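Below is one structure, written out as structure tokens; comments come after it.
The values are calculated or read from the model by the stated rules, or taken from the named source; none is laboratory data. Since this is a predicted model, take the numbers as computed values, not measurements. For neighbour counting, all protein chains shown are included, and Cβ atoms are generated from backbone atoms with ideal geometry for every residue, glycine included. SASA here: full protein model, heavy atoms, side chains in, ligands and nucleic acids out. Shrake-Rupley method; radii C 1.70, N 1.55, O 1.52, S 1.80 Å.
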Amino acid sequence: MQEKRKQLADLRSQRWLAPDDMRSFAHRQRLQQMGLRREDFMTRPVIAIINTWSDLSPCHAHLRERAEVVKRGILMAGGLPVELPAMSLGEVMVKPTTMIYRNMLAMETEELLRSLPIDGAILMGGCDKTTPGLMMGALSADLPCLYVPAGPMLSDRYNGQVVGAGTHTRMFWDEYVAGNIDKEEWVALESRMTRAPGTCNTMGTASTMTSIVEAMGFTLPGATSIPAMDAAHPRMCAASGERIVAMVWEDLKPSRIFSRAAVDNGIIAYMALGGSTNAAIHTIAIAGRGGVELTLDDFVKVGAGIPVLADIFPSGTRLMEDFYYAGGLPALLEQLKPHLALQSLTVTGLTLGENLARCAASARNAKETAIRPLDQPVTDGAALAVLRGNLAPNGAVIKPSAA
Ligand code: FES
């Protein structure tokens, strides 16, 4: 215990535990004002849970309860959890677009992590701009951090047809405008497609970004594919809480995990997922915060020869729940091993290759076809192309299959 106490004091000496300074005294005083004993925080890593829950963020509706599970994991591992609310960007609810608030969330995350007396952080989010916002801030602050994805919502069917949040709303709107759906049916559709809390169940921006962040090494293996309402989700939350405490002892900061190789792993995963074109913008922003220079052309270069393997809307025909049954992201990455930088370090303290070896037993369920083998891709061509012209002199990304 003596040794751990010294280790913690060393870790904090640059930040907030200089024993004889007035500011540190005030930190300790105010923590005790909240009913904490001195030993509760002096000998334990203090872990922030940056939570983007709100009453108007349906994709994060369950994160308030999940934060309690994360706390359990932190406490069981000998840490002290403190929950910090952060800007909640519920994509569909926010007008005119959440894009204008992504950088605000990044700034908020960075300032929370820099200004408060904490040793490590769990980042809880998932809806589109939340993942890049949280990751950008965390990379700048460079405190040990681990991302806990909200997880996709459950699948739904309508008239026997698989319907995905987002993609099918537009399709039904067209049908309604064309008079093929009457008012009664249109109103009935409001309660369909979004069956439960969680992020959109297609490979839209939310699941694309959480998958990229997982491939970069910032979640527990397989975390992004777990449906929000599956019992595996709270188990993952508890395990994440447990792991972040160990990461503080190991001083496993983002700067030890994030690298050009980690970014390339994210891009390769993106290409095989046939993910959202928005990911190009967000990945470049994340890379910049981590000190990696990335351009649109790098997506084309790094992703050359990677076919789309995930048969998920909008590139494919299935939903995220099917992707989970098929083994989720680890099963996809397993097939991409020859292209990945397997030596990249991850939040587990192991390399990506070591994580994949551990997932192998529970990996791909060959009977589920949401993840295609390399020799039977969804499309042979790349998931993304960069166009330049008088409308976009600096380049714009498109999905070639949708062009
Ligand atoms: Fe939140 Fe789609 S609206 S993930």
Task: J(HN,Hα) series, the range 43-59, from Karplus relation 6.51 cos²θ - 1.76 cosθ + 1.60, nearest Hz, glycine and proline x - done: 10, 10, x, 8, 10, 7, 10, 7, 10, 9, 5, 7, 5, 10, 10, x, 5
Task: Mean Cβ count within 10 Å, highest first, over the residues of peptides 50-61, 208-219, 35-46 - done: 208-219, 50-61, 35-46
TODO: Would you mind putting 80-92, 257-269 in packing order, based on average other-beta-carbon counts within 10 Å, highest first?
DONE: 257-269, 80-92
- [ ] Please list the non-local residues whose amide H lies under 5 Å from the amide H of Cys145, H modeled 1.01 Å from N, same-chain partners needing a gap of 5 or more.
- [x] Ala121
Open item on the list: Nothing charged except the Cβ atoms of Lys and Arg (+1) and of Asp and Glu (-1): what's the magnitude of the dipole of the chain about its Cα centre? Round to the nearest 20 debye.
Closed with: 900
Open item on the list: For the chain, which cysteines have no second Cys with its Cβ under 4.7 Å from theirs?
Closed with: Cys145, Cys200, Cys237, Cys359
Open item on the list: Taking the alpha-carbon distance from Lys129 and a cut-off under 19 Å, which lysines remain once sequence neighbours fewer than 8 residues away in the same chain are dropped?
Closed with: Lys95
TODO: Calculate, for the chain, the solvent-accessible area per residue in square angstrom, rolling a 1.4 angstrom probe over the heavy atoms of the protein chains.
DONE: 43
TODO: Using a 1.4 Å probe over the heavy atoms of the protein chains, calculate the carbon and sulfur portion of the accessible area of the range 125-224 as a whole percent.
DONE: 49
- [ ] Over the range 264-310, with every protein chain in place, what whole percent of the accessible area is carbon and sulfur at 1.4 Å, could you tell me?
- [x] 54
TODO: Give the Kirkwood hydrodynamic radius (Å, one decimal) of the chain, defined as one over the mean of 1/r across all pairs of different Cα atoms.
DONE: 21.7
Open item on the list: Please compute, for the alpha-carbon atoms of the range 207-332, the extent along each of the three principal axes and give them in descending order in Å.
Closed with: 39, 35, 20
Task: Mean Cβ neighbour count within 10 Å, used as a protection proxy, ranking 170-183, 129-142, 224-237 highest first - done: 129-142, 224-237, 170-183
- [ ] Between beta-carbons, use under 15 Å as the cut-off and find the net charge around Leu89, counting Lys and Arg +1, Asp and Glu -1.
- [x] -1
